[in-house]
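Here's the structure we're looking at; comments come further down.
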Amino acid sequence: MAGRAMKVLEAFGGEDRVLTLYLPLGGDVKQRIAHLKTRSKKLAEEVGDWASRPLEGLLEDLHLGEGRSPLGVGLFASPSGRSLALPLPSPVDGQVISKRPWILPALEALCPLLEAWVVWIHRGRGEIFRHHAVLERVEELSEEIPRKVRDAGFRGGEERRLERRAETSLSKFLKDLAWRLRELNAERPAGEVWVTGSEEVMPEALEALGRFSLPVRSLKAPKSQEDLERSVREAMGARFFQEAEDLVERILESPGRSVLGLRQAIDQVNRRALMSLVVEERRTVRGVRCTSCGALGLDEDQCPLCGSGMEEETDLLDAMAHRALLSGAEVLVLGRPSSLREHEGVGGLTRLSR
Ligand SMILES: [Zn+2]
């Protein structure tokens with residue numbers, strides 16, 4: 001997740017004017033194209049050609065009908081000609097021109113989801129998907145797997161032979177599948193593998209793919225690709241909230257390393273001392289920013305780090321997330337209430353004890 005947000009920050013490092021545009025991509029392709037064309041024209045007129053450029057790229061993709069469309073997209077552009085599109089798994093709306101990419105909405109949408117491989121094993125074939133903003137079908141491997149003979153009664157030589165053949169053939173197939181996954185992952189590394197299929201093949205499939213270097217998790221067999229996408233998301237979301245709650249617990253219980261509330265968090269973000277920053281929900285908080293070194297503050301007249309003057313910062317949480325990410329911290333946006341509520345919805349852990 002953080003990797004995708006970091007790509008945006010790196011692409012626009014050093015820029016001082018960046019357009020961020022979040023667009024929900026609902027409706028059918030025709031409606032979407034019409035909507036994007038209107039938006040693109042308006043942006044070109046009101047802001048400049050540079051602002052409409054990423055929308056034109058998106059329109060081309062839609063015309064080409066590339067894959068399944070994500071539910072939302074974050075578009076970033078600068079007058080120097082840089083532009084980038086970030087597909088999102090949920091519809092987000094908003095437009096800002098500021099000194100940096102507006103990253104918080106993208107973080108909120110992407111936080112629960114990891115880039116992952118999803119493998120669906122059917123009888124005789126396996127489908128490999130890549131999960132990012134959508135579930136994209138990458139490849140299908142097929143092989144005739146003879147049916148296992150499950151006969152409780154007399155097992156003749158022929159049946160045993162068939163059974164053995166079925167077993168060797170399934171294990172060979174799974175080996176091929178694991179091998180192919182390894183090749184794909186070398187080209188596009190992901191964080192984990194989700195495996196699903198019929199109960200009959202799952203134990204062996206989990207074992208075969210378990211030798212892979214990524215964590216492997218199993219899912220209930222889906223009815224369709226849409227069903228599979230939904231259950232991968234739900235499973236990832238549930239895990240994210242569990243992990244986030246554990247992290248919030250740790251923050252509340254480790255006084256030596258914990259940061260609670262805006263003032264403490266800003267102080268540690270300024271010192272680039274955070275290992276993780278947790279923001280409960282996206283909201284607008286005004287603050288100040290140093291005109292010289294970029295350090296943040298709530299209401300200070302002078303920079304706490306270098307003593308220069310401070311200017312207004314209209315989105316303090318976004319500025320904190322930005323600075324924390326660039327200093328190597330993980331930034332989690334929960335998108336729902338938590339025990340951080342009593343601490344202005346902000347908390348974190350420092351790298352070292354204070
Ligand atoms: Zn400063």
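Estimated from the Cβ-Cβ distance and a Förster radius of 45 angstrom, the FRET efficiency linking Glu234 and Ser292 is about 0.45.
Each label point was placed 7 Å from the Cα along the Cα-to-Cβ direction; for Arg250 and Glu187 their separation is 3.5 nm. Within the shell of other residues whose beta carbon sits under 13 angstrom from the beta carbon of Leu19, the net charge comes to +3, with Lys and Arg scored +1 and Asp and Glu -1.
Shape class for the stretch 198-296, computed from the alpha carbon gyration tensor (a ≥ b ≥ c): prolate, with a/c not under 1.5 and a/b above b/c. Based on DSSP H segments of at least four residues, each scored -39500 (n - 2.57), the chain has a per-residue ellipticity at 222 nm of -13000 deg cm²/dmol.
Remark: accessible surface ordering of Met275, Met320 (largest first) is Met275, Met320, probe radius 1.4 Å. Using heavy atoms of the protein chains and a probe of 1.4 Å, the accessible area assigned to Arg282 is about 90 Å². The H on the amide N of Leu298, modeled in the peptide plane, is under 5 Å from the matching H of Val288, each at least 5 residues off or on a different chain.
Rounded, prolate or oblate: pick one for the stretch 2-110, where a ≥ b ≥ c are the square roots of the eigenvalues of its C-alpha gyration tensor, a/c under 1.5 means rounded, and failing that, prolate if a/b is larger than b/c, else oblate. Oblate, because a/c is 1.5 or more while a/b does not exceed b/c.
Of the listed residues Asp318, Asp93, the order by accessible area with a 1.4 Å probe, largest first, is Asp93, Asp318. Charged neighbours of Cys306, selected by a Cβ distance under 15 Å, balance to 0 (K, R count +1; D, E count -1).
Computed from Cα atoms, the angle from the helix 157-187 axis to the main principal axis of the chain rounds to 20 degrees. Electrostatic bookkeeping for Arg180 treats Lys and Arg as +1 and Asp and Glu as -1; over the other residues with beta carbon under 15 Å from its beta carbon, the sum is +1. If you look at the Cα atoms of the chain, you get an Rg and a Dmax of 24.6, 89 Å. Return the carbon/sulfur percentage of the accessible area of the stretch 224-354, one whole number, probe 1.4 Å, all protein chains in place. Roughly 45 percent of what the probe reaches on the stretch 224-354 is carbon or sulfur. The slack between Arg271 and Phe212, meaning 0.36 nm per residue of separation minus the straight C-alpha distance, is 17.3 nm. Note on His122 and Ile33: the extension gain reaches 28.4 nm, defined as 0.36 nm multiplied by sequence separation minus the Cα-Cα distance.
With a point put 7 Å past each Cα toward its Cβ, work out how far Phe241 is from Asp49 in nm, to one decimal. Distance between label points: 4.8 nm. Values of log10 I(q)/I(0) for the stretch 56-126 across q = 0.24, 0.28 Å⁻¹ run -1.21, -1.33, by the Debye formula with one identical scatterer at each alpha carbon and no solvent. Measuring r between the beta carbons of Glu226 and Arg336 and using R0 = 25 Å, the FRET efficiency lands at 0.50. With a Cα cut-off of under 27 Å and a minimum spacing of 8 residues unless on different chains, the lysine pairs in the chain number 15.
The values are calculated or read from the model by the stated rules, or taken from the named source; none is laboratory data. Bear in mind that the values here come from a model prediction, so they are computed numbers and not experimental data. In this analysis, Cβ positions are derived from the backbone assuming ideal geometry, glycine residues included, and neighbour counts consider all displayed protein chains. With ligands, DNA and RNA removed, areas are computed over all heavy atoms of the protein, side chains included. Shrake-Rupley method; radii C 1.70, N 1.55, O 1.52, S 1.80 Å.
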